[in-house]
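Notes to accompany the following structure.
The values are calculated or read from the model by the stated rules, or taken from the named source; none is laboratory data. All of these numbers come straight from a predicted model, not from anything done at the bench. Every residue, glycine among them, receives a Cβ derived from its backbone with ideal geometry; neighbour counts consider all protein chains shown.
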Amino acid sequence: MAPQYQDNSITIHKIKCGPYDNNAYLLVCPETNQSILIDTPQDPGALIEAAKQTDVQAILITHNHGDHLAGFSEVTSAIGASVGIGDADAHALSSPPSMHLKEGDEIKAGTLTLKAIATPGHTPGSTCFSIGNHLFSGDTLFPNGPGKTGSPEKLAEIIDSITSSLFTLDEDTNIFPGHGDDGILKEEKGKYDVFASKEHPADLAGDVEWLKS
């Protein structure tokens, strides 16, 4: 399997799973072959096969929606590693996690240190993960907009999470979202500036796009 990204410090595999264009990620330390797995979507066979070629130290869940957990039991049965999820989303797992993640928590594998970023809005416990200039954004931030929200209050919450916790990262940061294509943080900040410059209806929520909403 060709990696999505590779340098001397990290190898990133992006593995598409299931019918909803879900992305799962396997982050591998080149020195030790220890790894971290992010999300467990439906039909995780290829993900499990790739992960088994490494020494998995942690299975991290970005949030508790069903499409990100459809393969959870299959993955955790095949791979014995610590499971982590944002504390407010932990109740949805079929078995209790060993890590109730909060802002600033660090997850290590070999020379890799992944940092948890609390980003409520899409779900109360939504968590993004950053390492170097790579951001694993779950359903919080996509190229072109935020994740889907159920109310104007939740839209305001997710936008605050994005602007205060993600847009403060290096502009050259690569965005690896929970679905679809990758992005670059600098481009998303520019698109958000267009969105923020416009007036919006008070009931705006749901699927919002920076340049179209």
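Tell me which residues, restricted to the range 31-45, are surrounded by 15 or more Cβ atoms within 10 Å (Cβ to Cβ) and either on the phi < 0 side of the Ramachandran plot or without any contact (Cβ under 8 Å) to a residue 24 or more places away in the chain (or both).
Answer for the range 31-45, where residues must be surrounded by 15 or more Cβ atoms within 10 Å (Cβ to Cβ) and either on the phi < 0 side of the Ramachandran plot or without any contact (Cβ under 8 Å) to a residue 24 or more places away in the chain (or both): Gln34, Ser35, Ile36, Leu37, Ile38, Thr40, Pro41, Gln42, Pro44.
Residues checked against (1) of a type outside the set (Ser, Thr, Tyr); (2) assigned to a helix (DSSP H, G or I); (3) over 17 Å from Thr62 (Cα atoms); (4) out of contact with any Ser or Thr (no Cβ under 8 Å at 6 or more places or on another chain):
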| site | (1), (2), (3), (4) |
| --- | --- |
| Ile158 | yes, yes, no, no |
| Glu188 | yes, yes, yes, yes |
| Tyr192 | no, yes, yes, no |
| Ala202 | yes, no, yes, yes |
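Considering only the range 65-114, state which residues are in a loop (DSSP other than H, G, I, E, B) and among the charged types (D, E, K, R).
Once the filter is applied, which keeps residues that are in a loop (DSSP other than H, G, I, E, B) and among the charged types (D, E, K, R), the range 65-114 yields Lys102, Glu103, Asp105.
Going by what's in this entry, would Asn8 be described as over 18 Å from Ala92 (Cβ atoms) and either assigned to a strand (DSSP E or B) or acidic (Asp, Glu) (or both)?
Answer is no for this residue.
Output the qualifying pairs, or none if there are none: Cβ atoms under 9 angstrom, residues six or more apart or on different chains, first residue in the range 176-192 and at positive phi, second residue outside any helix (DSSP H, G or I) and modelled with pLDDT of 95 or more.
From residues that are at positive phi, the pairs are Gly180/Asn23; Gly180/Phe142; Gly180/Pro143.
Identify the residue in the range 46-81 that is among the hydroxyl-bearing types (Ser, Thr, Tyr) and surrounded by 20 or more Cβ atoms within 10 Å (Cβ to Cβ) and, among all such residues, is farthest from Thr111 (Cα to Cα).
Residue satisfying both the conditions and the ranking: Thr62.
Out of Ala196, Ala205, I need the residue that is touching a Lys or Arg at 6+ places or on another chain (Cβ under 9 Å) and free of Cβ contacts under 8 Å to residues at least 60 places away in the same chain. Which one?
Numbers: Ala196 fails: touching a Lys or Arg at 6+ places or on another chain (Cβ under 9 Å).
Just a single option satisfies the conditions, and that option is Ala205.
Quickly run through the range 11-24 and pick out the residues that are assigned to a strand (DSSP E or B), in contact with a helix residue (DSSP H, G or I) (Cβ under 9 Å, 6 or more places away or on another chain) and of a type outside the set (Lys, Arg). Don't jump to the end; show me each part of the working.
Let us first name the residues in the range 11-24 that are assigned to a strand (DSSP E or B), namely 11-17, 22-24.
The next check asks that each one be in contact with a helix residue (DSSP H, G or I) (Cβ under 9 Å, 6 or more places away or on another chain); those that pass are 13, 15-17, 22, 24.
Within the range 11-24, His13, Ile15, Cys17, Asn22, Ala24 meet the criteria.
Any residue in the range 99-127 that is modelled with pLDDT under 95 sitting within a Cβ distance under 8 Å of a residue that is of a type in the set (Phe, Trp, Tyr)? List the pairs, counting only those 6 or more apart or interchain.
Pairs that qualify, where the first residue is modelled with pLDDT under 95 and the partner is of a type in the set (Phe, Trp, Tyr): there are none.
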